[in-house]
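The values are calculated or read from the model by the stated rules, or taken from the named source; none is laboratory data. What you see is a predicted model, and the numbers here were worked out from it, not measured in a lab. Here the Cβ positions follow ideal geometry from the backbone for every residue, glycine too, while neighbour counts run over all protein chains shown. Please note that ligands, DNA and RNA were not included when accessible areas were found on the heavy atoms of the full protein model with its side chains. Shrake-Rupley method; radii C 1.70, N 1.55, O 1.52, S 1.80 Å.
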Amino acid sequence: MQTPLIRGNSRADLLALPAIMLGFHPQQSCVVLALEGPTVRFCMRVDLDWFAADFDGIADQLLNAADQAGADGFVLIGFGDPDVASITVAELVEVLGPEQVIEALVADGGRYWSMLSPDEAVGYRFDTSTVAAQAVYHGVNVCQDRDSAVAPVTLSSPPAGHVIQAAERHVAQLDADAGMDLLESLAEADKIRPQDALLLAVLLDDEARFGELLNRLRTWTAERYWARLVEARAVCPARFEANVLALLAVASWLSGRGAAQTSCLEQLSVRAPSHPVLSMLSRLHRDGVPPRLWDE
C-alpha cells in the first residue's frame, strides 16, 4: 500500500498528524515527530511517565531511530494534563537537545499551548484540520483510541473443538507441496472465510510454511498478508497462536502499525517467550531500525 502524501502548514495540523500516523488518537502520551527538512520521517509515541519507567531504554531507542532516519529536527507534542505533559515534553527536549526541537506543544483535548513561545492557549479540533481532511480523502482510518487500534490483533473466538480437529486432520493429510500450495492460495486471497482462516492458522504451525510466509513479508506485501493474518488470528486456537502472532508482529511493523506490533510482541512474550521472532523484532525495535531496511 502506497503511503499517501499529506501536507500541513499550521500548529493545528501538527496536532492532527500523530493520530494519522499512529492510526489512533493518542491519549496521556507524548509524541515525537522526527523531521528531515519538511518531511516527517517517523512518529514515536511514549507514555507520559516514560522517563520514570525506562529513561535509558527509550532515550536510546529514540536517538537510534533518529539517526537511522537522518532526522535533523523534531516536533514534540504532549497530550493530556498540561502540567504532567509539559514535564514529559521537557524531558524529551533535554534528550534530543533544545537546538534540535523545532516546536514543543502541549494539548489537553480541546486547547493547545506552545512551550517555545508565551502565547495564550488556542482552541483546536482534529476533524477541522486540513491534514484530517486529507486523511479522509485518502481513506486513512483513525481509531478513537489505542485499544480500538489493536483490537484486530487481540480478539480471538476459536470455533468448536470438533471444527478445529477437522482442520488439523485436513492439514495433516497434505504433503509438503500441497501444504505450500494451500498456504499460498489462502495468504494471497483477497478475503477468506472463517473456516479457511482456521486452516491458515493450522498451516502456519509448520516451521517450513511459517518460514515461507516470513520470507514473503516485505513493505509492499505486508498490507495484504496482515489482513489475512488478522482473519487467522480471529479464529486461532491457543495452541497455534505463537506463529500467527509472530507473523502479525512483522506484518504490523512493515505496514506501519506500531501499536499492533507492540501488542503482538506483548502477547508473544507471554505465549512463547523464546520465539526467535520476538527477540529479532525486540532488537530491531531497540535499535530503531526502519522497515525499509527489511526489504534490503
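Taking the longest Cα principal axis of the chain as reference, the axis of helix 50-69 is set at about 80 degrees. Overall, segment 151-293 carries a charge dipole of about 560 debye about its Cα centre when +1 sits on the Cβ of Lys and Arg and -1 on the Cβ of Asp and Glu, all other atoms neutral.
Taking the chain as the reference, fit the longest principal axis to its C-alpha atoms, fit the long axis of helix 161-172 to the helix C-alpha atoms, and give the angle between the two in degrees, 0 to 90, nearest 10. Computed tilt is about 70 degrees.
Estimated from the Cβ-Cβ distance and a Förster radius of 25 angstrom, the FRET efficiency linking VAL136 and GLN28 is about 0.45. Which of the listed residues, ALA52, VAL171, ILE87, is farthest toward the dipole's positive end in the chain, when Lys, Arg count +1 and Asp, Glu count -1 at the beta-carbon? About the Cα centre, the residue reaching furthest to the positive side is VAL171. For segment 190-259, trypsin sites (Lys or Arg not before Pro) meeting the loop criterion (DSSP other than H, G, I, E, B) and having at most 10 other Cβ atoms within 10 Å: LYS191. Here the sum of -39500 (n - 2.57) over DSSP H runs of 4 or more residues, divided by the residues of the chain, equals -17000 deg cm²/dmol at 222 nm, to the nearest 500. Heavy atoms of the protein chains alone define the surface here; on that basis the chain has 49 Å² accessible area per residue at 1.4 Å probe size. Treating each Cα of segment 42-166 as an identical point scatterer and summing with the Debye formula, the log10 of I(q)/I(0) at q = 0.23 Å⁻¹ comes to -1.42. Run through the DSSP bridge list for the chain and note the antiparallel percent, rounded to the nearest 5. Given both bridge residues lie in the chain, the antiparallel proportion sits at roughly 75 percent.
Once the Cβ-Cβ distance of SER114 and VAL84 is raised to the sixth power relative to R0 = 22 Å, the FRET efficiency obtained is 0.80. A Gaussian network model of the chain, with springs between Cα atoms under 10 Å, assigns the largest mean-square fluctuation among ASP83, ASP49, ASP177 to ASP177. Stretched out straight at 0.36 nm per residue, the stretch from GLU296 to GLU207 would grow longer than its current Cα-Cα span by 29.7 nm. About its Cα centre, the chain has a charge dipole of approximately 740 debye under the convention of +1 per Lys or Arg Cβ and -1 per Asp or Glu Cβ, with nothing else charged.
The residue list LEU254, TRP226, PRO98 was ranked by how far each Cα lies along the charge dipole of the chain toward its positive end, using unit charges on Cβ atoms, and TRP226 comes out on top.
Computed about the Cα centre, the dipole magnitude for segment 11-142 is approximately 580 debye when only Lys and Arg (+1) and Asp and Glu (-1) carry charge, each at its Cβ. The angle between the Cα long axis of helix 222-234 and the main principal axis of the chain comes to about 60°, on a 0 to 90 degree scale.
The P(r) of the chain has a tail past 34 Å containing 27 percent of all C-alpha pairs. For q = 0.12, 0.14, 0.25, 0.27 Å⁻¹, what log10 I(q)/I(0) does segment 140-216 give under the Debye formula with an equal point scatterer on each alpha carbon and no solvent? After summing over all Cα pairs, the log10 values are -0.43, -0.56, -1.20, -1.29. Computed over protein heavy atoms with a 1.4 Å probe, the carbon and sulfur contribution to the accessible area of segment 156-296 reaches 54%. Computed packing ranks the peptides 261-273, 16-28 as 16-28, 261-273, most packed first, by mean other Cβ atoms within 10 Å. Accessible surface of segment 11-142, 1.4 Å probe: 51 percent of it comes from carbon and sulfur atoms.
Think of the chain as a dipole: +1 on every Lys or Arg Cβ, -1 on every Asp or Glu Cβ, centred on the Cα centre; then among LEU155, ALA132, VAL40, LEU155 lies furthest on the positive end.
Within segment 151-293, the proportion of C-alpha pairs whose separation exceeds 20 Å stands at 42%. Between ASP127 and HIS162, the C-beta separation translates, for a Förster distance of 41 Å, into a calculated FRET efficiency of about 0.30.
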